[in-house]
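What follows is a set of notes on a single structure, which appears directly below.
The values are calculated or read from the model by the stated rules, or taken from the named source; none is laboratory data. Here the structure is a predicted model, which means the values were calculated and not measured. All Cβ positions, even for glycine, are placed from backbone atoms using ideal geometry, and neighbour counts span all protein chains on display.
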Amino acid sequence: MLEPLFEYFHGSPLALFGLLGVLILCGVGLPIPEDIILITAGLIAGESHLSWVHTSVLMYFGIIAGDSLVFGIGRHFGCRLLEQRWAHRMLSGEKRDRIRRMFERYGITVFFVARFLPGLRAPIYCTAGAMRASYGKFVLIDSLAALISVPAFVWLGHWIWTRFGDDLARVSGALSRGHSLTLVVAAVCVAALIGFTCFALRKPERA
């Protein structure tokens, strides 16, 4: 999926804004992995001699906008939306019950974990909106989670372009190795934060 995205968007002065729009659509269910879009943004930034930091900031706002959009859809249309037949196919009653149990057990920590769960992210955010969760808490936790994933993947794409240029065959090999490493690092960070949060929440109970 990386090559078609890169071939379609690269070379245009508005390429990054096009990827920004795709990211927002991903928030409402467009079936393209966000990490691939972020890596493509890094490749295009490298090709255009743009800073990966500035590119990360732009993509970061796209991520938050997409997540906020799906949360808002759940907030304003949630109950009616979830009763539609097509919604049942995408988000079965069993899955909704599982998401509700997650909220009851883990609270707002679910917002953080959901950022790293592509198949459940949009349903969780939509359900959170429908359950009238606090948007302030949602956007705060989601923003903190995005601070891990967005710069990591944009930097990875930028670094790969800097090293391999337009040799897409070598880029694919480097991407396969780098993408796995980035996911492992992100998973370790998430696990550490969740462990710390659970410890902090239980500590007062022992006192």
Are any residues in the stretch 129-143 within 22 Å of Leu30 (Cα to Cα) and either in contact with a Phe, Trp or Tyr (Cβ under 6 Å, 6 or more places away or on another chain) or modelled with pLDDT of 85 or more (or both), and if so, which ones? Gly129, Phe138, Val139, Asp142, Ser143
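Taking into account only those residues within the stretch 126-143 that are among the hydroxyl-bearing types (Ser, Thr, Tyr) and assigned to a helix (DSSP H, G or I), which is nearest to Ile37 (Cα to Cα)? Talk me through it step by step, then tell me what you get.
Step one: filter the stretch 126-143 for residues among the hydroxyl-bearing types (Ser, Thr, Tyr), giving 127, 134-135, 143.
With assigned to a helix (DSSP H, G or I) added as a condition, the list becomes 127, 135, 143.
Details: Thr127: 25, Tyr135: 26, Ser143: 18 Å.
Out of the qualifying residues, it is Ser143.
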Out of (1) closer than 12 Å to Ala146 by Cβ; (2) in contact with a Gly (Cβ under 7 Å, 6 or more places away or on another chain), the one Ala41 does not meet is (1)
Output the number of the condition that Met131 fails; it satisfies all remaining conditions of (1) more than 11 Å from the chain's Cα centre (by Cα); (2) surrounded by 17 or more Cβ atoms within 10 Å (Cβ to Cβ); (3) more than 17 Å from Gly62 (Cα to Cα). (2)
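Mind checking whether some residue in the stretch 114-125 is in contact with a Phe, Trp or Tyr (Cβ under 9 Å, 6 or more places away or on another chain), surrounded by 14 or more Cβ atoms within 10 Å (Cβ to Cβ), at pLDDT 85 or above and assigned to a helix (DSSP H, G or I)? Full working, then the answer.
Initial filter on the stretch 114-125 (in contact with a Phe, Trp or Tyr (Cβ under 9 Å, 6 or more places away or on another chain)): 114, 124-125.
Applying the additional criterion that residues be surrounded by 14 or more Cβ atoms within 10 Å (Cβ to Cβ) yields 114, 124-125.
In the following step, the residues that additionally are at pLDDT 85 or above were identified as 125.
Next, from what is left, pick out any that are assigned to a helix (DSSP H, G or I): 125.
Checked against the condition, which is being in contact with a Phe, Trp or Tyr (Cβ under 9 Å, 6 or more places away or on another chain), surrounded by 14 or more Cβ atoms within 10 Å (Cβ to Cβ), at pLDDT 85 or above and assigned to a helix (DSSP H, G or I), the stretch 114-125 yields at least one hit.
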Kindly indicate whether Ile32 is of a type in the set (A, V, I, L, M), in contact (Cβ under 8 Å) with a residue 12 or more places away in the chain, touching an Asp or Glu at 6+ places or on another chain (Cβ under 7 Å) and surrounded by fewer than 19 Cβ atoms within 10 Å (Cβ to Cβ). no
